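Here's the structure, in structure tokens; my notes come after.
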Amino acid sequence: MIIGKNISKMFRIPSERRNTLFEAVISFVKGGRRYDEFWALKNVSFDVKEGEIFGITGPNGSGKTTLLEIIADIINPDEGELIVNGRITPILALGVGFNLELTARENVFLYGALMGVKRVKMEDKYEEVFEFAELKRFENMKLKNFSSGMNARLAFSTAIATEPNILLLDEVLAVGDIEFQRKCMAEINRVNKNGTTIVFVSHSIEAVRDLCERAMFLDNGEVIAIGAVDEVVNTYLNSMAE
Amino acid sequence: MTNEYELIIKPKKGLFSIDIHEMLEYKELLFFLALRQIQIRYKQTVMGASWAMLQPFFTMIVFTLIFGGLAKMPSEGIPYPLFSYSGLLLWTYFANSVGQSGNSMVGNASFISKIYFPRLFIPSSVCLAGLVDYGIAMIILVLMMVYYMFVPNMSIIILPLVVFVTFILASGMGYWLSAICVKYRDIQFILPFFISLLMFTTPVIYPPSMVGEQYQWLLTLNPMTGLIDAHRACLLGHQPVDFATLAVSIAISALIFVTGIIYLKNTEKYFADLI
């Protein structure tokens, strides 16, 4: 269960880029305006019910990923409050936290630790991970020798194996071949049946319509529509048509 | 569904937002990150573990030639190579830990911007992994002690304390520096220079008694003074451990560690925005 109340997030876009202490001192002495404000999210309120698949859609730059990063506790909102009930596994990009110098096997445990999952539990899930990813033969190969597709398969199945209460997915299924995408979709539906809440972010309206029950349409950081997926999709298509 | 994982995310304010429960939840991660660094370091290098010995060993040779041979540096009545190596051993651990942990946050930018986990563990794991190098480099010291026939006395029992405090101090400095580095990237370039200067203001290769009486207090305020001194005294047993100076070191190390945690915890919410 996730409840967001009036969430706003501002990014400061430096008028002149300052990355060093030296530059900071100079511009402090010179004074004047240091950055432009950009509100990536404005007063966003929503709720995701336990056990549902919730879609967030909108054009590029509408704040979808920013919102997902706030839910995942990677960035902090400037205003508002978010209540998250359950352990989250974010998949904002596949293979994050993987280290190319380690073997596939070592990376599975590393990822588990990054997600706060005990090693013992990852050991139980170990066979499943490699079976699903169809990579059993390569378990002792270093990740740097993996193809990007193999990497994505391993990452997805490892993430699923951490058994989160809430799974955050950001356009990740654009990788891998059709066969694997279909398999991922089936797996997402399966874990959802077992009680995992899923937040799915995509600019692909078809993907959202196929997968989600409820959805939210964001544009320029504001909620345009929220509710049953069909209504939201219609609002989206109408706004695109204008 | 349990309430065990309830998380409330809002604009963070307040000085003490340290979540002990979360730390325990993720405790395996600290060892995992440290293990990962050790694996990567030793897998990729031809020389492997011997690198850990070579750095302090060759530094010792150079200093022995310059200071022991040419400048006739006093060394508390013990052979100069043994004197300088027993200092350099701990100093190398400290300097490498501070240098690497200072850069660690920026170096791990790719996953800081993608997943959440206690950021504190990034610099901590660097300092933890460094202990392996310290252990390996210790072999040389043991060999040198055999060669010069030095037998440690009872004070050796405080060695774990000295190493632990050095770990605390290096971690504390790592918290401060890694968090500052995220905001000001030029710190990365100043850091190695600063650390090498720091070595000459610490009695690593010279005895503290060489410094004039009126500056002794300044030397004591450097937390590495008491640690290097106690490290040498407890290993070689050539003089009693100076507990007063060691106590000052412990107090300052603890202060840097605690303030470092508070500073990092209060700035980490911006990391993903800046990195």
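Looking only at the stretch B:18-34, count how many residues are within 15 Å of A:GLU101 (Cα to Cα) and within 9 Å of chain A (Cβ to nearest Cβ). The total comes to 2.
Before we move on, is B:GLY87 part of a helix (DSSP H, G or I) and in contact with a His (Cβ under 8 Å, 6 or more places away or on another chain)?
Judged against the criteria, B:GLY87 is a match.
Being farther than 21 Å from B:ILE250 by Cβ, away from every other protein chain (no Cβ under 14 Å) and in a helix (DSSP H, G or I) holds for only one residue in B:VAL142, B:VAL151, B:VAL182, B:VAL163, and it is B:VAL142. Do we find a residue being over 24 Å from A:MET10 (Cα atoms), within 18 Å of the chain's Cα centre (by Cα), small (Gly, Ala, Ser) and not in a strand (DSSP E or B) anywhere in the stretch A:114-136? Yes; the residues of the stretch A:114-136 include at least one that is over 24 Å from A:MET10 (Cα atoms), within 18 Å of the chain's Cα centre (by Cα), small (Gly, Ala, Ser) and not in a strand (DSSP E or B). Kindly provide the set of residues from the stretch A:198-210 that are within 19 Å of A:ALA93 (Cα to Cα) and out of contact with any Gly (no Cβ under 6 Å at 6 or more places or on another chain), ordered by number. Across the stretch A:198-210, the qualifying residues are A:ILE198, A:VAL199, A:VAL201, A:SER202, A:HIS203, A:SER204, A:ALA207. Restricting attention to the stretch B:243-275, the residues being within 11 Å of another protein chain (Cβ to nearest Cβ) and farther than 16 Å from B:ILE180 by Cα number 0. Taking (1) at pLDDT 90 or above; (2) in contact with a Phe, Trp or Tyr (Cβ under 9 Å, 6 or more places away or on another chain) in turn, A:VAL44 satisfies each apart from (2).
Whenever a residue of the stretch A:104-123 is in contact (Cβ under 8 Å) with a residue 40 or more places away in the chain and at the interface with another protein chain (Cβ under 9 Å from one of its Cβ atoms), its partners that are of a type in the set (A, V, I, L, M, F, W, C) and assigned to a helix (DSSP H, G or I), lying with C-beta atoms within less than 7 angstrom and at least six residues away or across chains, give the pairs A:GLY112/A:MET122.
Every residue, every condition in (1) under 30 Å from B:MET144 (Cβ atoms); (2) in a loop (DSSP other than H, G, I, E, B); (3) of a type in the set (S, T, N, Q), yes or no:
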residue: B:ALA170; (1), (2), (3): yes, no, no
residue: B:LEU177; (1), (2), (3): no, no, no
residue: B:ILE190; (1), (2), (3): no, no, no
residue: B:PHE194; (1), (2), (3): yes, no, no
residue: B:THR220; (1), (2), (3): yes, no, yes
residue: B:HIS231; (1), (2), (3): yes, no, no
residue: B:SER249; (1), (2), (3): yes, no, yes
residue: B:THR259; (1), (2), (3): no, no, yes
residue: B:ASP273; (1), (2), (3): no, no, no
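Summed over the stretch A:73-93, residues that are within 7 Å of chain B (Cβ to nearest Cβ), within 23 Å of B:SER110 (Cα to Cα) and among the polar types (S, T, N, Q) total 1.
Could you list, in sequence order, the residues of the stretch B:107-121 that are in a helix (DSSP H, G or I), touching a helix residue (DSSP H, G or I) at 6+ places or on another chain (Cβ under 9 Å) and within 11 Å of another protein chain (Cβ to nearest Cβ)? Scanning the stretch B:107-121 gives B:PHE111, B:ILE112, B:PHE121.
The values are calculated or read from the model by the stated rules, or taken from the named source; none is laboratory data. Owing to the predicted nature of the structure, the values given are computational and were not obtained by experimental measurement. Using ideal geometry, Cβ is built from the backbone for each residue, glycine included, and neighbour counts are taken over all protein chains shown.
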